[in-house]
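Encoded as C-alpha cells, the structure appears first; notes follow it.
Coordinate-derived values only; no laboratory data. As the structure is a computational prediction, the values presented were derived from the model and not from experiment. Ideal geometry is used to build each Cβ from the backbone, glycine not excepted, and the neighbour counts take in all protein chains shown.
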Amino acid sequence: MTKGIKLITKLLQKQLDKKSKTLNELNTYLTKLESSLQALKDELEKEKEACLSNPLVSSSFTNFLSHNNHRQSLIKTQITSTEQKIEEVKAEIFELFSEIKKYDVVSERKAKRKLEKEDKNEQKFLDDLFSKNEEKI
C-alpha cells in the first residue's frame, strides 16, 4: 500500500508541476497584455498631443481613436479571460496540493503505526527474554 501511496503522490506532484508551469505562463501572458494595453494608452495620449499641436493630424485622429479603442477593448477582454483562467488554475493547484497533503498524512500515519508495532514487538521480545532469564535464576 505504501508503494501505491507513493505512486499516487508522485503522479499528483507531476500534475501540480504542470499546473504551476501553466500558471507561470498565464501570468507572463497577463503581464504582456497589460503592457500592450498601457502602450495603447500611451500612444493615444501622444496622438492627442499631436492633434493639439498640428491641426492637419486631427483629421485622422477619429480613425485612430476608433482603432485604438477597439484594440484596447480586445485586450481588456483577453485580460479578463486570462485572469479567469489564472483563478481556475489556482483552484486546481490548491486541490492538487490538498490531495498530496492528504496522502502525505496517510503515509506518515502508516509509518508511525509501523514504528509503534516494531517497538511493541521489540518490547515483547525483551520482556520474554527477561522472563526466561528470571526463570533460570
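For segment 110-129, the condition of being of a type in the set (S, T, N, Q), over 22 Å from I8 (Cβ atoms) and part of a helix (DSSP H, G or I) holds for at least one residue. Could you check, for segment 6-25, whether at least one of its residues is in a helix (DSSP H, G or I), hydroxyl-bearing (S, T, Y) and closer than 30 Å to K114 by Cβ? Checked segment 6-25: at least one residue is in a helix (DSSP H, G or I), hydroxyl-bearing (S, T, Y) and closer than 30 Å to K114 by Cβ.
Does segment 71-83 contain at least one residue that is of a type outside the set (S, T, N, Q), touching a residue at least 60 places away in the same chain (Cβ under 8 Å) and farther than 30 Å from V106 by Cβ? No, segment 71-83 contains no residue that is of a type outside the set (S, T, N, Q), touching a residue at least 60 places away in the same chain (Cβ under 8 Å) and farther than 30 Å from V106 by Cβ.
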